[in-house]
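One structure is given below, represented as C-alpha cells, and several questions about it will come after.
The values are calculated or read from the model by the stated rules, or taken from the named source; none is laboratory data. Note that the coordinates shown come from a computational prediction; the quantities given were computed from them, not determined experimentally. Reconstructed Cβ throughout: ideal geometry from the backbone, glycine too, with neighbour counts over all protein chains shown.
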Amino acid sequence: MQRFYRTLSGMEIKRLFTLVLLLAATLSFGQDHDHADHEGHDHGTHEEETHDDNGHAGGHHDVCTFHHEVTPENFSAQQIAFHHIADANVYSIGPLQLPLPAILWSKDGGLDFFLSSKFDFETLGHGTGYNAHNRYILDGGSIKRITDPSFPDGTVRLDGLKHKHETTDKGKDKEVTYVCYNGNEYRTDAESTLDAGMFGGGITSFHDFSITKNVTAMIIVFLFMLWVFLKVAKAYKTREGKAPKGLQGFIEPIFLFMREEVLEPFLGDKSDRYLPFIMSLFFFILSLNLFGQIPFFGGANVTGSLSVTLVLAVLAFLVTNLSGKKDYWQHIFWMPGVPAWVKTILTPVEFLGMFIKPITLTLRLFANITAGHIVVIIFVSLIFIFGNVGTSPVGAYGGAVGSTVLTMFMMAIELLVAFIQAFVFAILTTSYIGAAVEEHHH
Amino acid sequence: MTGTLAAIGAGLAVIGAGIGIGNIGSKAMEAIARQPEAVGDIRSNMILMAALIEGAALIAIILAFFG
C-alpha cells in the first residue's frame, strides 16, 4: 500500500491532473465543434413539425429523410447520450471516420463480408448510411436488414429512412425502421443482438459478427497490453537484480499491490495459481476503462457494454465454480451445523447467490462506466441547452464555461472510477474464488 | 407515468445504498482513527463492502428502468 502511494506522490499527481484537465477541456470543446457543424448543415429538407406522442423528441419523424434539423423543441440530450455510448460500425479518430469490416450471416443470403464504407455513411454523422448493400442498411450506428427479398442486392442508393412506432403482439411499443426506395417503403428487421432476440429484442433474420468500434478498441488495447507486458517481462530478465526502470517501475508497484492486498489475503498459498487470471482481468478492465476516457480516439465504451462485462463475469463464474472444493458445494446445498428447517431456506438462497454474484459483477462495471460517460455527455449538452441549440450565442458561451468546468471535474472522477472499478472487479472475483477453494474444519 | 415511477424507484434504491455506504465510510474512518496501522486492510474491506451494497442498488436501478 505504502509503496503504491510513494510512486504516485507529488510531481506525478500534478502531472496526472494536468493531463486530465487537458483531456477534459479538449473533449468539451471538441464536442462543441462537432455539433456546431451538424447544425451548420443545410440540406434544404424542411420537414413538418411532427411530434410523436411518445416523448421521443428529436430524430424520429414520419418523413422519409436522412437528416433532421436540430431545433430547440426536438433537441434531446438523452438521445445524444445514448447514441454516444452505443457501439458503432465506424471508428472515428478526430475528424477521421474509419470504416470497419462488417461480417454478416443470414440463412437465405449466406455470409457477407464488406467494409462499412459501402454504406456511404455521413462524414460527421450519427452513423446512418446513404446506401443499402445486399439488403443491409446502416441506421443509427447499427446494421439492419430489409426483410423483403424483392429488394435488389448489391449497393443501392436509398431515398431516405423512416422511423415508425408500432405495437407488438404483446402490447409493447416498438420502433421500426422503414427504408424508402423508388417510391416504396421496405420494412427492416431489428438489429442483431447477442441473445438472438431471446430476451425480447425480436428474432432477426441475420446475425451480426462485425468488427465494431468496441471490438477494434479491444484489439488495440490487447496489442498495447501485449507490448507493455512483454517489454516489462523482458526487463526483468535483462536487468536482473537492478532497480526497476521506466515502464517496469510503473507496472511493478501496481502488480505488487494487487498481489499483496488482493490475492494473498483471500487465497493464501494458492494465490500463485489464480494470479494470471486475476491480473489479466484487472489490467484488461483498467486499460479499457482508461482507453474509453481518451477523447477523439474512438471514445469506445467497451467496459460500459453489457456483453463485454457479461463475458468477463461468466469467466469469473466458471473459474469460481470449476475450482470449487467439496466444502464449497456442501455450503451451498447442505450447510453443516444448522437445523434442517433452516437448510430448506438457506439452500435456495445460496443457490441463487451463486448466479447473483456474476450478475452483480456484470451490472456494477457496466453501470459505473456507462453512467460516467452519460454524465460527461450531458454536461457537454449543457452548451446546447443553454444556447437554445444555436439560437442564443450568449447562452452557449455561458453554457460552455459551465460545461467545461463540470466536464473537467467529471473526467477527474472518472479516472478514479476507472481504477476503483477494475480493483473492485478483481477483489470480488478473488473473494469468490477464495470462498470456493477454502477448506473448512468443522 | 411509468418513467416517473421508475425514477422514484431508482431514487429510493439510491437512498438505501447511500445510507449503507455512508455507514461503511463512517465506521471505516473510526476504525482507521483507532488503528492507523491497519489502514490497508480497512480500506480494501471498505471498498469490498461498498461494492456489495452498490450491487444491490444497481440491480434495483436496472429493474426500475428496464423491468
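In the range A:390-427, what residues are more than 14 Å from chain B (Cβ to nearest Cβ) and of a type in the set (S, T, N, Q)?
Correct list: A:391, A:392, A:403, A:404, A:407.
Determine which single condition residue A:391 fails, assuming it passes every other condition in (1) surrounded by fewer than 21 Cβ atoms within 10 Å (Cβ to Cβ); (2) hydroxyl-bearing (Ser, Thr, Tyr); (3) modelled with pLDDT of 85 or more.
Result: residue A:391 passes all but (3).
I need the full set of residues from the range A:366-388 which are crowded, with 23+ Cβ neighbours inside 10 Å, among the β-branched types (Val, Ile, Thr) and closer than 13 Å to residue A:417 by Cα, in order please.
A:369
Output the residues belonging to the range A:82-116 that are assigned to a loop (DSSP other than H, G, I, E, B) and surrounded by 16 or more Cβ atoms within 10 Å (Cβ to Cβ).
Result: A:86, A:87, A:88, A:89, A:100, A:109.
Right, here's the next one. Filter the range A:155-185 down to the residues that are over 20 Å from residue A:66 (Cβ atoms) and either outside any strand (DSSP E or B) or modelled with pLDDT of 80 or more (or both) and list them by number.
The answer is A:168, A:169, A:170, A:171, A:172.
If residue B:45 meets every condition in (1) within 11 Å of chain A (Cβ to nearest Cβ); (2) crowded, with 17+ Cβ neighbours inside 10 Å apart from one, which number is that one?
Condition not satisfied by residue B:45: (2).
Name the one entry in A:361, A:352 that is in contact with a Gly (Cβ under 9 Å, 6 or more places away or on another chain), assigned to a helix (DSSP H, G or I) and within 14 Å of chain B (Cβ to nearest Cβ).
A:361
Can you confirm whether residue A:346 is farther than 26 Å from residue A:214 by Cβ, more than 14 Å from chain B (Cβ to nearest Cβ) and either aliphatic (A, V, I, L, M) or surrounded by 15 or more Cβ atoms within 10 Å (Cβ to Cβ) (or both)? Let's see the steps before the verdict.
On the way: farther than 26 Å from residue A:214 by Cβ: yes; more than 14 Å from chain B (Cβ to nearest Cβ): yes; either aliphatic (A, V, I, L, M) or surrounded by 15 or more Cβ atoms within 10 Å (Cβ to Cβ) (or both): yes.
Here the answer is yes, as residue A:346 does meet what is asked.
Kindly establish whether residue A:37 is exposed (fewer than 15 other Cβ atoms within 10 Å of the Cβ), more than 14 Å from every other protein chain (Cβ to nearest Cβ) and at pLDDT below 75.
yes
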